[in-house]
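Engineer: First, the structure itself, so that you have it in front of you.
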Amino acid sequence: MKQVLLLCSFFLFLNCEDKQSRQKKTSPKKSKITKVKAEVKETIVDSSKLTLEERFLPLNDKNAMDFFLEYEKENKENKVRIHTSFGNIDLLLFDKIKFHRANFIFLTKNKVFDGTQFHRVVKNFVIQGGNSDDRKITKKRRKIGRYLLPPDAKRGYRHNRGVISIPSSEIENAYKLASPYEFFITQSNQYHLDKKYTIFGKVIKGMDVVDAISNQETDAGDWPKHNIYITKVEVIE
């Protein structure tokens, strides 16, 4: 009887030990879970530390005039030089036409006219410049924005020979025809354009260059058969 009890005790002990062993083998190890708390900080930008361009660009019809109103106060230059393959044309920009003057100075300083062309030439009428299909220039324009300038054509200026003018937002198909990136210079008096287009300056040196460009041969669309490049436009005063 004692032997039977001892044998049962022995098997019971082995059975318990085997269960404990299996539990140890089958029980998963506890992994340490690390909780990372992400702190979300609200970034507040101090607008007083931003440049005018950082505050406004890209420009559009809603903010362009506010931008140029501030820009013209700090950028009073009014003389520029257009470098072409035919020579230089010096311009005086009128202070009274402040938005258009500021626009031309701003685009000049940002080199938006560099590498463009006089793409429309009509003898004894106008030479029109500022256009280009160059991707780099298109990229610059896209960065600056898409906007129109308001008309400012009732200051008493007339389309005499040698003025620089620009279409304004009141004309039909304004976005197509009134690009602030383009301009034209009259080769002769064109008074029928008065009050329709905004005169914002005049040629003070280089009308012989305007005449030379105007005499170039063009195709049926008034595009010069040989490209006339504006290599650079710079502020001179």
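Engineer: For the residue pair Met65 and Ile236, what label-to-label distance in nm results when each label sits 7 Å from Cα along the Cα-to-beta-carbon direction?
Structural biologist: So the label points at Met65 and Ile236 sit 3.3 nm apart.
Engineer: Right, here's the next one. Label points 7 Å out from Cα along the Cβ direction at Thr138 and Tyr229: separation in nm?
Structural biologist: Computed distance between label sites Thr138 and Tyr229 equals 1.9 nm.
Engineer: Still on this structure, I have one more. Count the net charge of all other residues whose Cβ sits under 12 Å from the Cβ of Glu217, scoring Lys and Arg as +1 and Asp and Glu as -1.
Structural biologist: 0
Engineer: What part of the accessible area of region 115-237, given as a whole %, is carbon or sulfur when the probe is 1.4 angstrom?
Structural biologist: On the way: 3060 of 6720 Å².
That fraction is 46 percent.
Engineer: Another question about this same structure. So for region 107-199, taking the charge dipole from beta-carbon charges (+1 Lys/Arg, -1 Asp/Glu), which of Gln117, Asn189, Ile164 sits furthest toward the positive end?
Structural biologist: Gln117
Engineer: For region 134-237, compute Rh as the Kirkwood radius over C-alpha pairs and then the Stokes-Einstein diffusion coefficient at 10 °C and 1.306 mPa s; write the answer in µm²/s, rounded to an integer.
Structural biologist: After rounding, the answer is 102 µm²/s.
Engineer: Taking the Cα centre of region 40-150 as the origin, how large is its charge dipole in debye, to the nearest 20, when only Lys and Arg (+1) and Asp and Glu (-1) carry charge on their Cβ atoms?
Structural biologist: Dipole of region 40-150, to the nearest 20 debye: 360 debye.
Engineer: Multiplying the sequence separation of Arg55 and Asp208 by 0.36 nm and subtracting their Cα-Cα distance, what value in nm do you get?
Structural biologist: Values: separation 153, 0.36 × 153 = 55.08 nm, distance 4.16 nm.
Extra length available between Arg55 and Asp208 comes to 50.9 nm.
Engineer: Got a sec to turn the phi values of region 69-83 into Karplus ³J(HN,Hα) couplings, 6.51 cos²θ - 1.76 cosθ + 1.60 with θ = phi - 60°, whole Hz, x for Gly and Pro?
Structural biologist: So the Karplus estimates, Gly and Pro as x, are 4, 7, 4, 5, 6, 9, 10, 8, 4, 9, 10, 9, 10, 9, 8 Hz.
Engineer: Inverting the mean 1/r over all pairs of different Cα atoms, compute the Kirkwood radius of region 91-174 and quote it in Å.
Structural biologist: By the Kirkwood definition, the hydrodynamic radius is 14.5 Å.
Engineer: Still on this model: How many nm is it between the label spots at His192 and Lys154, if each spot is 7 Å from the Cα in line with the beta carbon?
Structural biologist: Those two pseudo-labels are separated by 2.4 nm.
The values are calculated or read from the model by the stated rules, or taken from the named source; none is laboratory data. What you see is a predicted model, and the numbers here were worked out from it, not measured in a lab. Glycine gets a Cβ as well: all are built from the backbone with ideal geometry, and neighbour counts include every protein chain shown. Protein only, heavy atoms only, side chains kept; ligands, DNA and RNA dropped before computing areas. Shrake-Rupley method; radii C 1.70, N 1.55, O 1.52, S 1.80 Å.
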